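J.: Input: one structure, supplied below.
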Amino acid sequence: MPDSVGRWVFDGSRVRKLQLDELAKGKGVPGEWRDKSLELPYKAVVGATAVHIWTVVCDAVAGWLIPTPKDGTTSSRETDSDTVTTAAETWADDEDEDEDWDYTLPDLSEGGEWYQDRVESLRQATQDLPDQEEAYQDGLEALKIHRDNYSPAGPKYLQVLWWEFPPEHQEAVRRGSSMRFLV
């Protein structure tokens, strides 16, 4: 979604300009603020950071700002400071526990099941494209780059496998759309 009012958008059936209330809704402005009888302040909506971003940020720092009791119950302001711990202290306590991270990378070799599954889904995704052979070859090259990210040297380039996205998003990803198309 564009981040400014008046930008041209395609809504599935026609091309039109983005309205202020649509931008506000897209940024997560609460419904009660978007009352039909009230006019939203243009500057407030356009300059606003999306509400969902603030929600994530606040949730992330809440553990450092709001102490939580060690026993996991809800604390009150009058809680004895000896029984309260911060999220950072909780994470430090977790480091003492030996948890085995047991993940085995699938066989990414060209003969492996993972690779063959990707090639088959690529073949299916390219079968109806006008430039089928070119898209297929480009996909194989993208798959090679993707597999190289799992070498002992580690990742080098982000490579999106467009055909692994849901069908309604594949064309946008294949053509190089920004990742905001999922919103």
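The values are calculated or read from the model by the stated rules, or taken from the named source; none is laboratory data. Values in this document were obtained by computation on a predicted structure and should not be read as measured data. Glycine gets a Cβ as well: all are built from the backbone with ideal geometry, and neighbour counts include every protein chain shown.
J.: Of (1) in a helix (DSSP H, G or I); (2) loosely packed, with under 14 Cβ neighbours inside 10 Å; (3) modelled with pLDDT under 90, residue 171 satisfies all except one. Which?
T.: The one condition residue 171 does not meet is (2).
J.: Follow-up question, since we're still on this one. Scan region 135-164 for residues that are at pLDDT below 90 and assigned to a loop (DSSP other than H, G, I, E, B) and jot them down.
T.: Answer for region 135-164, where residues must be at pLDDT below 90 and assigned to a loop (DSSP other than H, G, I, E, B): 149, 150, 151, 152, 153, 154, 155, 156, 157, 158, 159, 160.
J.: What is the residue count in region 1-38 for residues that are assigned to a loop (DSSP other than H, G, I, E, B), surrounded by fewer than 10 Cβ atoms within 10 Å (Cβ to Cβ), more than 24 Å from the chain's Cα centre (by Cα) and modelled with pLDDT of 80 or more?
T.: 2
J.: Restricting region 101-125 to residues that are surrounded by 13 or more Cβ atoms within 10 Å (Cβ to Cβ) and under 12 Å from residue 164 (Cα atoms), which is farthest from the chain's Cα centre (by Cα)?
T.: Out of the qualifying residues, it is 123.
J.: Another question, then. Can you name the condition, by its number, that residue 90 falls short on among (1) β-branched (Val, Ile, Thr); (2) surrounded by 10 or more Cβ atoms within 10 Å (Cβ to Cβ); (3) at pLDDT 60 or above?
T.: Condition (3) is where residue 90 drops out.
J.: Okay, next question. Looking at residue 129, is it among the hydrophobic types (A, V, I, L, M, F, W, C) and in contact (Cβ under 8 Å) with a residue 12 or more places away in the chain? I'd like the intermediate steps shown before the answer.
T.: Values: among the hydrophobic types (A, V, I, L, M, F, W, C): yes; in contact (Cβ under 8 Å) with a residue 12 or more places away in the chain: no.
Taking the combined requirement at face value, the residue does not satisfy it.
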